[in-house]
Amino acid sequence: ERLCVVDIAPASYDHTFDTHLEAMASMDTKALARRTDAESIIANAIDDRPVAQFLSRNLKPAHDGYGFEWQINVAAIAVNIDNIIDFPTSQANHAYEAPTLFLLGGTSNYVQSSHMGEIERLFPNAKTEVIPDAGHWLHAEKPAEVTAALRTFLEV
């Protein structure tokens, strides 16, 4: 009935997450004593502590009780990252007519003014809302503000 899109446009991106994924894949998660150990390893690789904290939230205590393990399939994401960051706009011929919220980070550059035409074409009932002082990972950086915006939009 409704759609929320968080800081992404219907566009192909040339961003790379290779460093993020390499740091995650090469980590000996069984040797971790605390999740903060993983944060430090990732932060050293990508030089971004908040993103490292966000990524390390995908770790859970290992089933065997030793260290941690990824809740996500890091290898599958790495193999498919080109498809994940792609959007086949040439094949997108059907508009989504229901109410849509594009929730944007105020300091993010993922949704540009040049994307607005395609957003309007594919989501004719879209509105945008900006979360100030949040980047692309706004759900991790400003969770209370994102939750409030989503609740407001989703209330009927």
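The values are calculated or read from the model by the stated rules, or taken from the named source; none is laboratory data. Since the structure is predicted, the reported quantities are computational estimates derived from the model, not experimental observations. Because the Cβ atoms are built from the backbone with ideal geometry, glycine has one as well, and the counts that use them run over all protein chains shown. Accessible surface is based on the protein model in full, side chains and every heavy atom, while ligands, DNA and RNA are left aside. Shrake-Rupley method; radii C 1.70, N 1.55, O 1.52, S 1.80 Å.
Here's a check for you: in segment 45-66, which residue that is farther than 24 Å from residue 138 by Cβ and loosely packed, with under 12 Cβ neighbours inside 10 Å is nearest to the chain's Cα centre (by Cα)? Let's see the steps before the verdict.
First pass over segment 45-66, keeping only residues farther than 24 Å from residue 138 by Cβ: 61-66.
After this cut, where a residue has to be loosely packed, with under 12 Cβ neighbours inside 10 Å as well, the list is 63-65.
Working: 63: 27, 64: 30, 65: 29 Å.
Taking the candidates together, the pick is 63.
Residues of segment 104-127 that are over 21 Å from residue 142 (Cβ atoms) and in a loop (DSSP other than H, G, I, E, B): 123, 124, 125. Summed over segment 21-36, the residues that are open to solvent by less than 40 Å² (accessible area, probe 1.4 Å) and in a helix (DSSP H, G or I) give a count of 4. The set of residues in segment 128-139 that are open to solvent by less than 20 Å² (accessible area, probe 1.4 Å) and outside any loop (DSSP other than H, G, I, E, B) comprises 131, 138. Please work out which residue is modelled with the lowest pLDDT, limiting yourself to segment 30-62 and to residues that are in contact with a helix residue (DSSP H, G or I) (Cβ under 7 Å, 6 or more places away or on another chain) and of a type in the set (S, T, N, Q). Result: 53. Residue count for segment 49-66 satisfying the condition of being in a helix (DSSP H, G or I) and touching a residue at least 12 places away in the same chain (Cβ under 8 Å): 7.
Report the residue count in segment 110-156 for those that are under 21 Å from residue 56 (Cα atoms) and in contact with a His (Cβ under 7 Å, 6 or more places away or on another chain). Of the residues in segment 110-156, 1 are under 21 Å from residue 56 (Cα atoms) and in contact with a His (Cβ under 7 Å, 6 or more places away or on another chain). Given the criteria closer than 30 Å to residue 33 by Cβ, in contact with a helix residue (DSSP H, G or I) (Cβ under 8 Å, 6 or more places away or on another chain), surrounded by 12 or more Cβ atoms within 10 Å (Cβ to Cβ) and modelled with pLDDT of 95 or more, does residue 69 qualify? Spelling it out, residue 69 is indeed closer than 30 Å to residue 33 by Cβ, in contact with a helix residue (DSSP H, G or I) (Cβ under 8 Å, 6 or more places away or on another chain), surrounded by 12 or more Cβ atoms within 10 Å (Cβ to Cβ) and modelled with pLDDT of 95 or more. The residue list 122, 154 contains one member that is crowded, with 18+ Cβ neighbours inside 10 Å and aliphatic (A, V, I, L, M), which is 122.
Take residue 80 and decide whether it is within 25 Å of residue 4 (Cβ to Cβ) and either modelled with pLDDT under 95 or surrounded by 14 or more Cβ atoms within 10 Å (Cβ to Cβ) (or both). Spelling it out, residue 80 is indeed within 25 Å of residue 4 (Cβ to Cβ) and either modelled with pLDDT under 95 or surrounded by 14 or more Cβ atoms within 10 Å (Cβ to Cβ) (or both).
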